[in-house]
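What follows is one structure encoded as structure tokens, with my remarks underneath.
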Amino acid sequence: MSLPRAHGGPVARGVLRATPEDFRVIEELGFEPDGEGEHLWLLVRKREWNTTDLALALAKLSKLPLRAVGYSGLKDRIAVTDQWFSLHLPGKADPDLSALPDGVTLLRAVRHRRKLNRGTHRFNHFDLYLRDLAGDTAALRERLDAVAREGVPNYFGEQRFGRGGDNASRASAWLLGQGEAPRKPALKSLWLSAVRSELFNQVLARRVQEHCWQRALGGDLLQPDGSRGLFLADEDSAAAERVRRGEVHPTAPMPGAGGMASSGACAALEQAVLAPHAALIEALAAQGVEAARRATRLPVRDLAADIHADRLHLRMTLPAGSFATTVLAELIDTVRPDNRAGERDRGEHSGG
């Protein structure tokens, strides 16, 4: 679906990922590994490697099953990324990692008591260059100020929906008995995630249209900044002011079974969007998918930008699970380096 933009959409145009070095990402765990335990955590710098391919390569190099390799988020292939992985080595010595594949450098190895699971890290630091910049630079500076001040709607980026953008539609057809089932467990997981992400985006789009993506509605469920916890807005008399200050954020549903439910005006808005998808949500629950909530606002921390002639250098810090392309969509229309006249960029995963 075409997603409404809170700040009015791009005010400039540029080429993203002309080289992998134009898209730098650094994972920040937010804590220090224990230094002991049966899991070996590896911080690697990878160039032109996506996360799942490198996980498989690490498993083969370490003579481990793929399930013994952990990682926290999915990262782009056309990028240079500092990312953590873990190897489960109960009673085993550290493997010889001197033969890492080309494009991968080991930065650190440290033991920890637990496996690295999805969503473990806290932040991603982005350092981006956009080339062949064209547009109103004064308007771009104003937009950058607005994004730094207010954040952006926390949409799932188009990367979540597969390279062809059709994972949600294929998954919906399967869940409703109208299409083929996924061939592998990993593909099933991706499909289920795409469906939930699409439904979340639809609810958030309605909140953007009604100018309530960054303010609490009656019956809203709020999430403290940097936390996964939830509480009822109606139980906090200062909720509206706390949302305004960015201490807490409104949320929208990731549909599935169970979970905390909104009420009042918030529930009415969500029901209006999701009611046509009742059969699909029931099918998600039948697959064992548990309901959750996701913040509707994405705060953009430490946003800094340098504009030099036809180049934009952009730096920012985003929470884990959010997408740099979601921020860029409010700033600049990005195109691929091999199609500068037209096609928009469709990276693999500009977040996670």
Worksheet item: In the range 135-223, how does Rg compare with the Kirkwood Rh, expressed as the Rg/Rh ratio over alpha carbon atoms?
Response: 1.11
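For GLN209 and ALA265, calculate 0.36 nm times their separation in residues minus their Cα-Cα distance, and state this gained length in nm to one decimal.
On the way: separation 56, 0.36 × 56 = 20.16 nm, distance 1.51 nm.
Gain on extension, GLN209 to ALA265, equals 18.6 nm.
Cα-Cα pairs above 20 Å in the range 187-289: how many percent?
39 percent
I need the shape label for the range 1-82. Rule: rounded when a/c is under 1.5, else prolate if a/b > b/c, else oblate, with a, b, c from the alpha carbon gyration tensor.
On the way: a/c = 2.42, a/b = 2.02, b/c = 1.20.
Cα axes put the range 1-82 in the prolate bin.
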Discussion item. 5 Å is the cut-off here: which amide hydrogens, built 1.01 Å from N in the peptide plane, fall below it relative to MET254, excluding neighbours closer than 5 in sequence?
Written reply: ALA292, ARG293, ARG294
Worksheet item: ARG67 to ALA138: FRET efficiency via 1/(1 + (r/R0)^6), r the Cβ-Cβ distance, R0 51 Å, to the nearest 0.05?
Response: 0.45
Worksheet item: Which whole-number value in Å² is the accessible area per residue of the chain, probe 1.4 Å?
Response: 46 Å²
Item to complete: Count the lysine pairs in the chain whose Cα atoms lie under 25 Å apart, taking only pairs 8 or more positions apart in sequence or on different chains.
Response: 19
Worksheet item: To the nearest 0.05, what FRET efficiency results for ARG5 and ASP102 with a Förster distance of 51 Å applied to their C-beta separation?
Response: 0.80
Worksheet, complete the sentence: Charge dipole of the range 173-289 built from unit charges on the beta carbon (Lys, Arg +1; Asp, Glu -1), centred at mean Cα; most positive-end Cα among CYS212, LEU280, ALA252 is LEU280
Item to complete: Report the one residue of ALA146, ALA186, LEU107 whose Cα lies farthest in the direction of the positive end of the charge dipole of the range 76-233 (charges on C-beta: Lys and Arg +1, Asp and Glu -1; origin at the Cα centre).
Response: ALA186
Worksheet item: Is it possible to state the helix-based mean residue ellipticity at 222 nm for the chain, with each DSSP H run of 4+ residues giving -39500 (n - 2.57), the sum divided by total residues, to the nearest 500 deg cm²/dmol? What is it?
Response: -8000 deg cm²/dmol
Worksheet item: Anyone know which of ALA138, ALA57, ALA233 comes out most mobile in the 10 Å Cα GNM of the chain?
Response: ALA138
Worksheet item: When the chain is treated as a GNM, springs tying every alpha-carbon pair under 10 Å, which of PRO185, PRO337, PRO224 comes out with the largest mean-square fluctuation?
Response: PRO185
Worksheet item: When the accessible area of the chain is split by element with a 1.4 Å probe, what percent falls to carbon and sulfur?
Response: 48 percent
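Using the crude model of +1 on Lys and Arg Cβ and -1 on Asp and Glu Cβ, and no other charge, please compute the dipole size for the chain relative to its Cα centre, in debye to 20. Intermediate values should be presented prior to the final figure.
Details: 48 positive and 45 negative charges, 145 e Å.
Around 700 debye, computed over the chain.
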Worksheet item: Looking only at GLN178, GLN83, GLN209, which one moves most when the chain is put into a Gaussian network model with springs between Cα atoms under 10 Å?
Response: GLN178
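Using a Förster distance of 56 angstrom, determine the FRET efficiency expected from the C-beta separation of ARG183 and SER237, and round it to 0.05. The partial results should precede the final answer.
On the way: r = 52 Å, r/R0 = 0.93.
With a Förster radius of 56 Å, E is 0.60.
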Worksheet entry | Rough spin-label spacing in nm, given labels placed 7 Å along Cα→Cβ, for ARG114 and ARG45 | 2.9 nm
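The values are calculated or read from the model by the stated rules, or taken from the named source; none is laboratory data. In this text the structure is predicted, and so the values were computed from the model without any measurement. Note: ideal-geometry Cβ built from the backbone for every residue, glycine included; neighbour counts use all protein chains shown. Accessible surface is based on the protein model in full, side chains and every heavy atom, while ligands, DNA and RNA are left aside. Shrake-Rupley method; radii C 1.70, N 1.55, O 1.52, S 1.80 Å.
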